[in-house]
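Notes to accompany the following structure.
The values are calculated or read from the model by the stated rules, or taken from the named source; none is laboratory data. Model, not experiment: these values are computed from the prediction. Because the Cβ atoms are built from the backbone with ideal geometry, glycine has one as well, and the counts that use them run over all protein chains shown. Surface areas here come from the heavy atoms of the whole protein model, side chains and all, with no ligands, DNA or RNA. Shrake-Rupley method; radii C 1.70, N 1.55, O 1.52, S 1.80 Å.
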Amino acid sequence: MRTLRLLLHWSWRDLRTHWAKVAAIALVIAIGTGGYAGLTSTTRWRETSYDISYRQLAMYDLRVDLATGATVDEGTLAGVVSALPSATAVDAVTERLILPTQVDASTAAETILVRGEITGADFAAGEPAVNAYHAVTGRSLAAEDAGYPVVMLERNFARFYSLPDTGEIAISGERRLEYVGQASTPEYFSVAPEGEMFMSEATFAGLFTTLETAQELAGLPGAVNNLVLTLHPQADRDAVAGELACAIETLPVGATVSTRDDNLSYTALTTDIDQDQAMFNALAVLLFAGAVGAAFNLIHRLAEQQRREIGIGMALGVRPALLAVRPLLVSAQIALLGAMFGVGVGMMIGNGMGAVFRSLIPLPVWDTSLQTGLFAQVAIIGLVVPFVAAIIPIWRAVRVAPIAAIKPSYLSGGRIQSDRRRRRIHNTFAVMPLRNLRRSPRRTVLTALGIAAAITVLVGFLGIMDSVFGAVDTAEREATGAAPDRITVGLDTFHPVVSQEVRAVTEAETVAVAEAALRLPGAVRVGGEEIDVFVQLADLDDGMWRPSLIAGELSEAAGVLLTEKAAADLGVDVGDAVILRHPRREGVAGFAIVESEVAILGIDPYPARGFVYMDIDHSGLFNLEGITNSVNVRPAAGFVTGDVQRELFTLGHVSSVQAVTTVTQAVREAFDQILAIIQIMVVAVLLLALLIAFNTAAINLEARAREHATMFAFGVRVRTALRMAMTESLLVGVAATALGVAGGFVMVWWMTQRLLPETLPDFGLHVVVQAETLAAVAVMGIVAVTLAPLLTLRRMRRMNLPGTLRLVE
């Protein structure tokens, strides 16, 4: 017991002596383990949160939509479902009325006029049985709201424009509605309406109300045009969908059946989890490996400093096994502190990332708690590494004669000879930092690799954001062209160019220039590869917008312009032929889907593959000569986009009025929020690199204490020794930064060219690392590491020279 108390007392003394290094090394381990647990937990968080949220709000399994403009009496669609052979497999049914509209949510500071949709459902039981609502702010609707002009505003739209929790909006026909809260529902966890892009909250507003209110707004009492249903967990969804598709053929109007997998919002959130996690896993492994490797190196060096004391103990007759306990106790302190700090780091990262997730996706439930199972896996490694790192030098010390353990390593014959040779050649302080690095190459390499791994993660995170914003910049540049103030006006249906409806747009007071255009759904196919697209027809020769082609050229020949991403995915180039599947007008208002072979005239750098461009002179391919469903306009002198939106908002046949940069601005803002996750990891990575550099400098100071004391005794100034230490750190920082930047470029290439194409197949990214990013990395990787020895300045100045030099060789 006396021996144990002595060892514990001695260990406590060591902790007080080395408390800064022990705490710093423990933090290195904590950042590695906590960062790994936080990054790799995102899959569990999302899977758990999505499952609970979709189940809690009863996301539909099947959906029935009537043809545009068609309705049936309330109860008709529910009756079709109840008559199915598999009706017992149906859990719940909700009939709805969905109406297109325009929404005016303008504030005193901003004009907000967007396309929208009113969804009316039955609130008699408190909430709809299928696709219920979660009131994020304000309140949810209730049965007593039936028939009153009150709605709930979709949360993503309201958040994008920072609208108040409750208020008033206007819809088509200048009708005013009170919104009593901001709500989310499974179809709108992420906004991706039909005909729009993912993350369309800037251009689309969802309004949720009672079925009676929607019917009153539409002037269709007792009418519905949509049904959603849920199935029992054991039900065969495909079989029920087949039965339902056959049953709706008996309806007097056209109808289609879709599943939840056809909902872009649902698939976008649930199908890319694994790909996203692959990226986080790679970054987490690098972070963890760098931290563990650095901790191993630092603890190894810390234990080596005990070699002389172990030799003295053996000379005094103390058993080697007992002598080994003391440095192992220091390792135990580091391991325990690392595990404790790791829990804190993991929780901090989890809370930070959780806040970002909650802001981006308004789920009713977000579970971002620390995944103890994942943390335990890496925490075990964090607990073992300090002991392994300490055992190696201790084992070497106790296996040699006491005199060999006592003798400083620099007194070995070969090293003295090598040092003497270098002194004869150079004999200057300028080469001492390089000599110090050369005499311990293994330590130098391990230190540089630990910092390089951290910088690789840093470049990976920042580089992927540079690549994304580079693509957004390209999209914005291509969308604006030479007319950055261009506005796209969507019409409710097809109208002759000379019609009164189109003239009402072109002759508006706020409009200076107007050009008819067309926007049609379609698909492009080559062999077995097919891509869904929107075909956009406009005057590409003399119009207000021209594509900036990277290959090919515009000509009078009939053909299409593909985006760079679409051409790459289809494996085609300029001059090749593709099959364009598109609508063709038949009769007055009917359309048939046909296929036409067209040539590729050029390649446009727009980063999304879902757009195909044609000159409007070739609208005969669609039998739409002189017909339009979209108008490009520019504001008249003295007017801005908001003025145009306000004037055209009063036209009932106008479905949307949006600046061409609205979508890219929405995407940019969404990724600005994701930057919060990047910033959390940047801080962690920077702290990791700084801790590695500080520990290296502190251990170097202790290992070379006698060397420094000798120099100080001969009149060398403290600033000279500090300059040498900083020069040594500078060399390590430069090497580590170079390795880290190279590794970061490889990481960015892998994520943009291999991983993200699986997650976001419709978008193409180039490898982009901005000069500002490289400058920031250089500051973090070189300057921070170089300045780390400044933290040892106080100890240098307070060094006890006689005590340090009192050593009998």
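Restricting the stretch 142-202 to GluC sites (Glu not before Pro) that sit in a DSSP loop and have at most 12 other Cβ atoms within 10 Å of their own Cβ leaves Glu174, Glu194. Note on the chain: helix-only mean residue ellipticity at 222 nm, from DSSP H runs of 4+ residues weighted -39500 (n - 2.57) and normalised by residue number, equals -16000 deg cm²/dmol.
Express the accessible area of the chain per residue in Å², computed with a 1.4 Å probe while the remaining protein chains stay in the model.
Working: 34870 Å² over 809 residues.
In whole numbers, the chain has 43 Å² accessible per residue.
Distance between the 7 Å Cα→Cβ label points at Arg797 and Ile579: 8.0 nm. A 1.4 Å probe over all protein chains sorts Leu231, Leu562 by accessible area into Leu231, Leu562, starting with the largest. By a 1.4 Å probe calculation restricted to protein chains, Glu127 has an accessible surface near 60 Å², given to the nearest 10.
Given R₀ = 56 Å, FRET efficiency for Ser440-His766 by Cβ-Cβ distance, to 0.05?
Working: r = 42 Å, r/R0 = 0.75.
Between Ser440 and His766 the formula returns 0.85.
Please say if the stretch 125-229 is rounded, prolate or oblate, where rounded means a/c under 1.5 for a ≥ b ≥ c the square roots of the C-alpha gyration tensor eigenvalues, and otherwise the choice is prolate for a/b larger than b/c and oblate otherwise? Intermediate values should be presented prior to the final figure.
Details: a/c = 1.33, a/b = 1.23, b/c = 1.08.
Because its axes are fairly even, with a/c under 1.5, the stretch 125-229 counts as rounded.
Taking every C-alpha pair closer than 8 Å and separated by at least 6 residues, the mean separation divided by the residue count of the stretch 467-547 gives a relative contact order of 27 percent.
Summing charges over neighbours of Ala235, with a neighbour being any other residue whose Cβ is under 14 Å away from its Cβ, gives -3 when K and R count +1 and D and E count -1.
Which order do you get for Phe534, Phe714, Phe469, Phe461 if you rank them by accessible area with a 1.4 Å probe, largest at the top?
Details: Phe534 55, Phe714 175, Phe469 35, Phe461 10 Å².
The most accessible residue leads, giving Phe714, Phe534, Phe469, Phe461.
The slack between Thr804 and Ala143, meaning 0.36 nm per residue of separation minus the straight C-alpha distance, is 229.6 nm.
What FRET efficiency comes out for the pair Asp165/Ile52, r = Cβ-Cβ distance, R0 = 30 Å, nearest 0.05?
E(calc), rounded to 0.05, equals 0.75.
Taking all protein chains together and rolling a 1.4 Å probe, Trp545 ends up with roughly 30 Å² accessible.
Taking amide H as placed 1.01 Å from N in the peptide plane, the amide H of Gly138 sits under 5 Å from that of Gln182, each at least 5 places away or on another chain.
Could you give the longest part of the chain that holds none of the trypsin sites (Lys or Arg not before Pro) found in DSSP loops with at most 12 neighbouring Cβ atoms within 10 Å?
Working: sites that count: Arg399, Arg717, Arg798, Arg806.
No qualifying site falls inside 1-398, the longest such stretch.
Overall shape of the stretch 737-809 was characterised from the C-alpha gyration tensor. The equivalent ellipsoid obtained from it has semi-axes of 48, 14, 9 Å, in decreasing order. Dipole orientation for the stretch 216-316: of the candidates Thr267, Gly254, Gly313, Gly313 has the Cα lying most toward the positive pole (charges on Cβ; Lys, Arg +1; Asp, Glu -1).
On full extension of the chain, what length is gained from Ile392 through Thr480, given 0.36 nm per residue of separation minus the C-alpha to C-alpha distance?
Working: separation 88, 0.36 × 88 = 31.68 nm, distance 6.42 nm.
Stretched out fully, the Ile392 to Thr480 stretch lengthens by 25.3 nm.
Count Lys and Arg as plus one, Asp and Glu as minus one, and take only other residues whose Cβ is under 9 Å from that of Leu302; the net charge is then 0.
What is the stretch 563-678 by shape, rounded, prolate or oblate, if you read a ≥ b ≥ c off the alpha carbon gyration tensor as root eigenvalues and call it rounded for a/c under 1.5, prolate for a/b larger than b/c, and oblate otherwise? Because a/c hits 1.5 or more and a/b fails to exceed b/c, the stretch 563-678 counts as oblate.
Please state the relative contact order of the chain as a whole percent: Cα pairs under 8 Å, 6+ residues apart? List each step's numbers first, then the result.
Values: 1486 pairs, mean separation 139.2, N = 809.
17 percent.
Surface composition of the chain: carbon plus sulfur atoms contribute 58% of the solvent-accessible area (1.4 Å probe, protein chains only, all chains present). If R0 is 45 Å, what FRET efficiency do you get for Glu586 and Asp367 from their C-beta distance, rounded to 0.05? Efficiency at R0 = 45 Å is approximately 0.25. Given axes a ≥ b ≥ c from the Cα gyration tensor, I'd like to know whether the stretch 326-375 is rounded (a/c under 1.5), prolate (a/b larger than b/c) or oblate. Since a/c reaches 1.5 and a/b is larger than b/c, the shape of the stretch 326-375 is classed as prolate.
Near Gly147: Cβ cut-off under 12 Å, other residues only, Lys/Arg at +1 and Asp/Glu at -1. The net charge is -4.
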